[in-house]
Amino acid sequence: MQPLKHDVSLSEVHSSVDTTNQKGFWRKILSFLGPAYLVSVGYMDPGNWATDLAGGSQFGYSLLWVLLMSNLMALLLQSLSARLGIVRGRDLAQANRETYPPVINFMLYILAEVAIAATDLAEVLGMAIGIHLLTGLPLIAGVTITVLDTFLLLWLQRLGMRKMELFIISLVAIVSISFLVEILMVKPYFPEVVTGLVPTIPNDTALYIAIGIIGATVMPHNLYLHSALVQTRKIRSDDAGKKKAIRMNVIDSAIALNLAFFVNAAILILAATAFHKTGQTHVAQIEEAHHLLENLLGSKLAPALFAIALIAAGQSSTITGTLAGQIVMEGYLRLRINPWLRRLLTRMVAILPALFVIYYFGDEEVDAMLVLSQVILSLQLGFAIIPLIHFVSDTEKMGNFTINTRTRIVAWLIAAILIYLNLRMVIGEAIQYISSSNNIFMDVLIITGLLVLVGLLITVTVYPLLKRRRKPVAVAIHEDLRPLEISAPEPYERVAIALEFSQHDSKLISHAIAQSKPGATIILIHVVESVTAKLYGPASEDMETRQDSRQLEYYVQELNSKGYMALARLGHQQRQSEIVRITREENAGLLIMGAHGHKGMEDILYGDTINKVRHALRIPVLVVHV
């Protein structure tokens, strides 16, 4: 794959959310609600189930406080993520790209992709287990079937953002109702449940599970996702508008994350009441929990609800990983590929280790793999949290919206706790392995890996504190304003051009002028394809939308100053259909497009726009090789 130098198609989602023109209190609130629900589904995915079941069955209610602490941590961190996106118009990946050197950014990108792969692994295994419990299909077949949800996601995005949110909320409701019914069936003694809110870690095994719970709850890729999704809301650009947006997003996050806390707490309480209190203290497998529920409760309803909720949780959270993956790739690498390919790559990275473990070690190792995936997530947290705290503490860039001293102290305290717990767990596991290992190569590899991670953590922490400023780098998909080189005009009265905002624009516009009559109108078309623009269309106010709008207007001003008539048309969402629509609306007699000579795999990777556009139009399409 090559760094992106031109636009390629992303999946279409037709919707828009304008918060500035809503009448009435509830309409205004509802216009802001949404991003946190996309984020929250990742907080109740199958990875959470594995850690919650293991914690509840082995230690009763004693780790309930870890869930509460994780939820409060997540609420603060997600609010900081939203603040970054609202105030600076940057997602976390873009802000990192602006701040850190290329080598550090590449390492952070790899770690972010590892976190996304670990999340997707949990979703794959969870859905496969749920399918197995409901239908009896082998786990290896269920894992293979999960490839199909790639196409479900793309179909949902085409229906529009509100319909996608409704679908997600429906799945979350299925999970919530299922566990509410099961809690009523097991009848926990709530005064005893409350004792689990007193902080205690019984032993090292409890610490391992506690870190897994934290990793499953405070998910690093969600910080990337939230900082981008909040930009889908169109807000007033003044301080009052930003302040209101921050307040509303805190409310949104509080509702969504508390719902996720209820689901996780319900799973742990269910495991503690149904298993720990009946002597079944080693129920760490989801399948075993499913079978025991019927025996202990004497009802087939509980295990059926358990399996259905598991599938719903896995399917809903798959959207989080996909969108986060797109944002991470675009922010760090400025690389954009077709959504189905991005989704398929992410899913294959998750499926291959799952198939390997099931084939060679058997089904009984699946739940251990689920817990491991959540510990891997927790290990990535420091590399997302520390930059985030630095960015929202930057007075120069955040202005009046810099977080206050108290919030900063709490945020750094959370980061310190998470890093300490992770280092304690990882170093302990490493020492235990090395002390019983006779493989010097593996010992050296483990020690080297630990030193690299600790060194990267220190660098990420210290680098923003240095006074030296990096030379400005491009963070938007498209580069900054470009001058044009114009040649003489000819034939058509209205000529449309599909621009890509690259060094090829001058060549395309020159061909358009060569084909137009004196006094003809040049219609400049560009389609915004950022993740947020895909989700919310014209209502998107993210950095790429603003930059692309300025670029078009800059082109128009430059053409007008040279005596040419020009107008700008900015499209959103799917590239092919938007070019066709705008060309028709402007009654253009000719459309000019650039061709890059892609073929074979490159068309699959970057998309094939020209053929789809030329078949949809009934006017000449001039294809210029660039």
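All told, residue 522 meets the bar of being on the phi < 0 side of the Ramachandran plot, of a type in the set (A, V, I, L, M, F, W, C) and at pLDDT 90 or above. Checked against the criteria, residue 572 counts as outside the structural domain of residue 84 (by TED's automatic domain parsing) and farther than 26 Å from residue 491 by Cβ.
Being of a type in the set (Gly, Ala, Ser), surrounded by 12 or more Cβ atoms within 10 Å (Cβ to Cβ) and modelled with pLDDT under 75 holds for only one residue in 474, 539, and it is 474. Tell me, yes or no, whether segment 232-239 has at least one residue that is in a helix (DSSP H, G or I), within 25 Å of residue 323 (Cβ to Cβ) and in contact (Cβ under 8 Å) with a residue 12 or more places away in the chain. Among the residues of segment 232-239, at least one is in a helix (DSSP H, G or I), within 25 Å of residue 323 (Cβ to Cβ) and in contact (Cβ under 8 Å) with a residue 12 or more places away in the chain, which makes the answer yes. Residues that are surrounded by 22 or more Cβ atoms within 10 Å (Cβ to Cβ) and under 30 Å from the mean Cα position of the chain (by Cα) were ranked within segment 575-594; the one that is farthest from residue 542 (Cα to Cα) is 579. Can you run down the residue pairs with Cβ atoms below 7 Å, 6 or more apart or on separate chains, where the first is in segment 178-194 and farther than 13 Å from residue 268 by Cα and the partner is part of a loop (DSSP other than H, G, I, E, B) and hydroxyl-bearing (Ser, Thr, Tyr)? Taking only residues 6 or more apart or on different chains, the pairs are 185/299; 192/61.
Out of the residues in segment 164-201 that are of a type in the set (Val, Ile, Thr) and outside any helix (DSSP H, G or I), state the one that is surrounded by the most Cβ atoms within 10 Å (Cβ to Cβ). Out of the qualifying residues, it is 201. Cβ separations smaller than 6 Å between residues 6+ apart or across chains give no pair from segment 503-521 residues that are of a type in the set (Val, Ile, Thr) to residues that are modelled with pLDDT under 90 and assigned to a helix (DSSP H, G or I).
Scanning segment 365-389 for residues that are at pLDDT 90 or above and farther than 19 Å from residue 106 by Cα returns a single hit, 389. Among the conditions (1) modelled with pLDDT of 80 or more; (2) surrounded by 24 or more Cβ atoms within 10 Å (Cβ to Cβ); (3) over 20 Å from residue 416 (Cα atoms), the only one that residue 233 does not satisfy is (1). Within segment 551-574, the residues that satisfy the criterion of being buried (at least 17 other Cβ atoms within 10 Å of the Cβ) and not in a strand (DSSP E or B) are 551, 552, 555, 556, 558, 559, 564, 573, 574. You will find that of 532, 521, the residue that is in a helix (DSSP H, G or I) and either crowded, with 24+ Cβ neighbours inside 10 Å or among the β-branched types (Val, Ile, Thr) (or both) is 532 and no other. Criterion first (more than 17 Å from the chain's Cα centre (by Cα), crowded, with 24+ Cβ neighbours inside 10 Å and either under 19 Å from residue 380 (Cβ atoms) or modelled with pLDDT under 85 (or both)) does residue 107 satisfy it? Judged against the criteria, residue 107 is not a match. Considering only residues in segment 202-226 that are assigned to a loop (DSSP other than H, G, I, E, B) and within 20 Å of the chain's Cα centre (by Cα), the one that is modelled with the lowest pLDDT turns out to be 218.
The values are calculated or read from the model by the stated rules, or taken from the named source; none is laboratory data. Note that the structure is a prediction, hence the values are computed from the model and not measured. Neighbour counts run over all protein chains shown; Cβ positions are idealised from the backbone, glycine included.
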